[in-house]
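Below: the structure, in structure tokens.
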Amino acid sequence: MAAEELDVVLPTPEELPALLLKLAVSHEDIDPLIAHLPARDSPSWRELERCTRLLVQNLGQVAGPPVRPELPAGSTIPPACFPVYVFLAAYPHVTAFHHARGVSDEISWHTLTDLGRVLADHRGRHGEGGLDAELTSWLTLHFSGEIYQLGRLQFQRARLGNRTGRAVSAAGHPYGPGDPALSVHVPGRHGPLSPEACSRSFAAAREFFARHFPEETYRVAVCNSWLLDEQLGEYLPADANILQFQRRFQVAYQPEPDNETMLRFVVGGPRADRGDLPRRTTLERAIADHLNAGRHWHGGAGWALL
């Protein structure tokens, strides 16, 4: 079916709670999302059709075009709510894609419940439900068939970038920029990052992609994350889960200083007063002490053979 022929459908107000709960959306977000459901005869619905068709027509592609909703003037739908409707409209299509690829219902469900986790993150940072542009771009990966939750970790169908690809090639391996790679992501609010759990996820990824995407050969995993900042080794015990996760990867390059990303993922967002940073855990104390000493966090970029 051509994208322009796709009939875009949303659950009814009666159907929507069950689907939202299935996708791990908090109860406090359910009524607001029902209240602002776009009407089929509205200009907002036409934008919903455009965004949903763009997402569906690129199902299964690696690095498909981004979905950037643009609500028409006069729309009464909160801009932060609108992307949720796009993902809800795409839900039956991405689950059908998963089914056609032989992906189990369990993995499909675990992957798409990231919607609820990300909505909770947004509420925690902004005090209201919805999604910002960055979180919308992130969830586009899930609802276009690019990323899969396999145990503790998520794996995204991707390609080696220039710097990481050159680092892999320089290490003597027959892979370089543009070659297939699995990008590793570590979801928050998902339990300890234990070495055993990570090993199970890597083993599952090797089997999963060979089975469900046999036309794509993945031999390299990459990770770009605050978790790979080598300076964390100055503060955390040697057997800390974060440091053991770091050791899975070879350093590809050192990113530019980026304190804001570290603060966002560890303490929930930037703080104007660095003296007011929380110090409840060893990690939070490390973040605060490092910044208060006038130093910077930069995250890390790494690679590993699968």
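Tabulated values for the structure
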item	result
Karplus (6.51, -1.76, 1.60) ³J(HN,Hα), θ = phi - 60°, over region 283-291, in Hz, Gly and Pro reported as x	5, 4, 5, 5, 4, 5, 4, 4, 6
Total charge dipole magnitude, the chain, about the Cα centre, Cβ charges on Lys, Arg, Asp, Glu only, Debye to nearest 20	900
Rel. contact order, % - alpha carbon contacts under 8 angstrom, at least six apart, the chain	15
Part-to-part distance (alpha-carbon centres) for region 214-231 and region 141-211, which is given in Å	5
Difference of contour (0.36 nm per residue) and Cα-Cα distance, Leu236 to Thr76	52.8 nm
Fully extended contour minus Cα-Cα distance, from Gln250 to Arg189, at 0.36 nm per residue	19.4 nm
Binned Cα-Cα distances of the chain, short to long, each 20 Å bin given as a whole percent	30, 57, 13
GluC sites (Glu not before Pro) restricted to DSSP loop in region 128-215 with at most 10 other C-beta within 10 Å	Glu215
Calculated FRET value between Ala133 and Thr217, using beta carbons and R₀ = 35 Å, to 0.05	0.60
Cα Rg, Dmax, region 212-306, angstrom units	15.3, 52
Net length gained if the chain between Val62 and Ala96 were fully extended (0.36 nm per residue, minus Cα distance)	10.5 nm
Percent of beta bridges antiparallel (DSSP, the chain, rounded to nearest 5)	90
Positive-end residue, the chain charge dipole about Cα centroid, Cβ charges, pick of Ser75, Leu16, His110	His110
Zero-based 5 Å bins, Cα pair distances in region 1-145, whole percents	2, 10, 20, 24, 23, 15, 5, 1, 0
Neighbourhood charge, 14 Å Cβ-Cβ cut-off, centred on Ala203 and excluding it, Lys, Arg +1 and Asp, Glu -1	+3
Inverse mean reciprocal Cα-Cα distance (Kirkwood Rh) of region 147-306, Å	16.6
Residues Val9, Val186, Val56, sorted so that the one with the fewest Cβ neighbours within 10 Å comes first	Val9, Val186, Val56
Qualifying GluC sites (Glu not before Pro) for region 1-45 [loop in DSSP, other Cβ within 10 Å: at most 13]	Glu14, Glu15
Residues Tyr85, Tyr91, Tyr253 arranged by fewest to most Cβ contacts within 10 Å	Tyr253, Tyr91, Tyr85
Estimated vicinal HN-Hα couplings, Hz - region 186-198 in sequence order (Karplus 6.51, -1.76, 1.60; Gly, Pro = x)	10, x, x, 6, 9, x, x, 8, 6, x, 5, 5, 5
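The numbers here are math on the coordinates, done by the rules we state, and not lab data. Since this is a predicted model, take the numbers as computed values, not measurements. Here the Cβ is made from the backbone with ideal geometry for all residues, glycine too, and neighbour counts use every protein chain on show.
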